[in-house]
1. Any idea what the dipole of the chain comes to, in debye rounded to 20, about its Cα centre with Lys/Arg Cβ at +1 and Asp/Glu Cβ at -1?
2. Only loop residues by DSSP count here, and only those with at most 15 other Cβ atoms within 10 Å; note down the GluC sites (Glu not before Pro) in the stretch 178-285 that meet that.
3. Per-residue ellipticity at 222 nm for the chain, helices alone: DSSP H runs ≥ 4 residues times -39500 (n - 2.57), over residue total, nearest 500 deg cm²/dmol?
4. Could you tell me which of 337, 302, 353 has its Cα farthest along the dipole of the stretch 298-396 towards the positive end, charges placed at Cβ (Lys, Arg +1; Asp, Glu -1), taken about the Cα centre?
5. Please report the antiparallel percentage of the DSSP beta bridges confined to the chain, to the nearest 5.
6. Output needed: percent of Cα pairs per 10 Å distance bin for the chain, bins running from 0 to the one holding the longest distance.
7. List the trypsin sites (Lys or Arg not before Pro) within the stretch 17-122 that fall in a DSSP loop (any state other than H, G, I, E or B) and whose Cβ has at most 16 other Cβ atoms within 10 Å.
8. Among 386, 189, 91, which one moves the most in a GNM of the chain with springs linking Cα atoms closer than 10 Å?
Amino acid sequence: MTGTADRRCHACGARTETALARCDCGEPLWIETPATAVSEDWPDGPGPTGSMWRYADLLATDAPGGVGAAAGGTPLVRTPALDGDADGGRVRVKVEGANPTGTFKDRGTALGLAATEGPVGTVSHGNMALSVAATAAGADRPCVVLVPDDIPEGRLGQIAQFDPTLLRVAGDYGRLYERSLAVGADRDVAFLNSDVPLRMEGQKTLAYELCEAFAPEVPDAVVLPVSSGGNASAVWKGLRDLRAAGRIDRLPRLCLVQAAACAPIARAFEDGAERVRPLEGGEETVAYSIANADPPSGTRALAAVRATGGTVVAVDDDAIRSARRRFAAETGLGIEPASATTLAALDALGERGAVGAGDDVVLVATGTGFREAPPDPDATSPPDPVGIDDLDARIADLTGFRSG
Ligand SMILES: *Cc1c(COP(=O)(O)O)cnc(C)c1O
Ligand SMILES: [Zn+2]
């Protein structure tokens, strides 16, 4: 355990003892990992298998009770069918859908829960809400979820099954993010929003798992969908810890992907801007989990890209739909539209030289597709029925093998 109060700002370098999420300069803080906490060696043996708590000695806390103890430890699957998309690079997929509630968010939630006492909360109508509500239920902790006024009913039911206090908030949902952090600090409710320091501390274990899988090498490129910029920041933080400890000697290129309909970070990257500015509006996209027009950690994500020699690309909805179908049909992985952006981006990444022949490329499939509408609505109409007596002939047609 390394503790949670020592915090640093990625932008101005300020170091403070605080429970707050923001630096005086306005940028997000993260937890400072003491260099002495991280030894040069990976843990011996399998450790607490199948979870991020394998790295407990590098984290701010020990595992929480309940389902949060099962967060992380997700599979890394080799997918040769996708190598052609990466200009002959070797593609692997990190299957974050294997987390207890189906996304990487469980890593940050589990750590946040373990590091705090009393009620927890979040602001979300999607994966974050599910993750916090379920993990809190598993640890018998009170939980409040702030959802927007216009949340679709199906979503509400998904969250409600874990029995959090649901507050449907009227008014500007964007403002709620910072407001909930302030109210939470006053009222002792730990709001585990997208980019808070405790969440970063848990989600950085994604980088630990990738680097341990490739040790003593590192992957050449890691491709991940980005919305608030929290997860990209967390992965960068994990890589920085490992390099500071001498476990890795170079960082993978962090390649971030946004949906073209809402791509403030991609725009800032293209403009060569220092900071990410909020988009006016931002349109709808099938990749609804990554549609943040005013990303709280956007500027930090941009810094991660520049520091690692990566890039940011935007992909349109048609490309996202088709990539999701291809993920399913060519790799057997059912993933969220947000996660399919990683495959849709490979072409552009190849053109920019961010991936290429001989590279080890990891696509982070951030969320499961198994609670989604299917990628191809036409495929939901049932095929014509087959009579039992016709079965032999029909199977023979499929296999081209006829007996007798
Ligand atoms: C939350 C989420 C993202 C975006 O992560 P940020 O930390 O907000 O950048 C990407 N994919 C899925 C499936 C998510 O749930
Ligand atoms: Zn600062």
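Rule-based calculations on the coordinates, nothing more; no lab input. Given the structure is predicted, the values throughout are model-derived calculations rather than measurements. Every residue, glycine as well, gets a Cβ built from its backbone with ideal geometry; the counts of neighbours run over all protein chains shown.
1. Dipole about the Cα centre, nearest 20: 840 debye.
2. For GluC sites (Glu not before Pro) across the stretch 178-285 that sit outside H, G, I, E and B with at most 15 neighbouring Cβ atoms in 10 Å, the list reads 217, 274, 280, 283, 284.
3. That comes out to -9500 deg cm²/dmol.
4. It is 302.
5. Percent antiparallel among DSSP bridges in the chain is about 30.
6. 5, 23, 33, 24, 9, 4, 2, 0, 0
7. none
8. Answer for the Gaussian network model of the chain: 386.
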